[in-house]
1. Would you check if there is a residue in the range 112-122 being part of a strand (DSSP E or B) and aliphatic (A, V, I, L, M)?
2. Check the range 61-74 and report whether any residue there is part of a loop (DSSP other than H, G, I, E, B), open to solvent by less than 10 Å² (accessible area, probe 1.4 Å) and more than 18 Å from LEU50 (Cβ to Cβ).
3. Taking the condition of being closer than 12 Å to PRO83 by Cβ, open to solvent by 20 Å² or more (accessible area, probe 1.4 Å) and not in a helix (DSSP H, G or I), how many residues in the range 2-39 meet it?
4. Would you check if there is a residue in the range 38-47 being among the polar types (S, T, N, Q) and in contact (Cβ under 8 Å) with a residue 24 or more places away in the chain?
5. Within the range 137-155, work out how many residues are open to solvent by less than 70 Å² (accessible area, probe 1.4 Å) and more than 18 Å from PRO90 (Cα to Cα).
6. GLY140 versus (1) of a type outside the set (A, V, I, L, M); (2) within 20 Å of TRP181 (Cβ to Cβ); (3) without any contact (Cβ under 8 Å) to a residue 40 or more places away in the chain: which is the lone unmet condition?
7. Within the range 78-94, is even one residue part of a strand (DSSP E or B), hydroxyl-bearing (Ser, Thr, Tyr) and open to solvent by less than 20 Å² (accessible area, probe 1.4 Å)?
8. Among (1) touching a Phe, Trp or Tyr at 6+ places or on another chain (Cβ under 9 Å); (2) open to solvent by 20 Å² or more (accessible area, probe 1.4 Å); (3) at pLDDT 90 or above, which single condition is PHE108 missing?
Amino acid sequence: MRHLIIYAHPNPNSLNNHLKIACSQHLVHEGHDVVVRDLYLLNFNPILSLEDMAGQVQGRVSDDVKREQDHIVWADCITFIYPIWWTGLPALMKGYIDRVFSYGFAYFYDQGLQKGLLQGKKAVIINTHGKSKANYSEVGMDKALLLTSDNGIYAYCGLEVKQHLFFGNADKTDRSTVDKWTIQIKEAF
């Protein structure tokens, strides 16, 4: 199977980077083809410009966007790894979605109804956050994140969300917990 990992975290010593490496190594060990797109290392431009918007309507995208879209076309499964900051995606990941998951590539409208164009592809989302899972559940943030990201982005574009993993208290975790999370990631595939 062809796996694309789209990753956004600026710190190469972060927990997110550890999870990315563990995920990638596991998939390679299991015999899968893996491509990792580290948005910070790529220096990906997240700003959706007027030129981008005009091009999307006409079916044209810039070279950097086309390169990312080619990776998405190639993939059978796309794994998104990023922290939750201010109850959402980091700006770089959001900008990636804005530019790469463009109209005519990831979705379109047919007689006023939205149609996802990435059908047949699976998605796994791996998020870390500072609050506990219990706190996120108490205030409904877990449901809000599933609604806005899983439904509002990934399923909207036709992706089948296989699993969405939330790892809470990520800034205060210990080795044993990280080992358990690594096992959960492996089990997701």
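The values are calculated or read from the model by the stated rules, or taken from the named source; none is laboratory data. Just so you know, these numbers come straight off a predicted model, no measurement behind them. Backbone-built Cβ (ideal geometry, glycine too); neighbour counts: all protein chains shown. Calculation scope for accessible area: heavy atoms of the full protein, side chains included, ligands and nucleic acids excluded. Shrake-Rupley method; radii C 1.70, N 1.55, O 1.52, S 1.80 Å.
1. The answer is yes, given that some residue of the range 112-122 is part of a strand (DSSP E or B) and aliphatic (A, V, I, L, M).
2. The answer is no; no qualifying residue exists.
3. 3
4. Within the range 38-47 (the criterion being among the polar types (S, T, N, Q) and in contact (Cβ under 8 Å) with a residue 24 or more places away in the chain), the answer is yes, since at least one residue qualifies.
5. Adding up the residues that qualify gives 3.
6. (2)
7. Looking through the range 78-94, at least one residue is part of a strand (DSSP E or B), hydroxyl-bearing (Ser, Thr, Tyr) and open to solvent by less than 20 Å² (accessible area, probe 1.4 Å).
8. (1)
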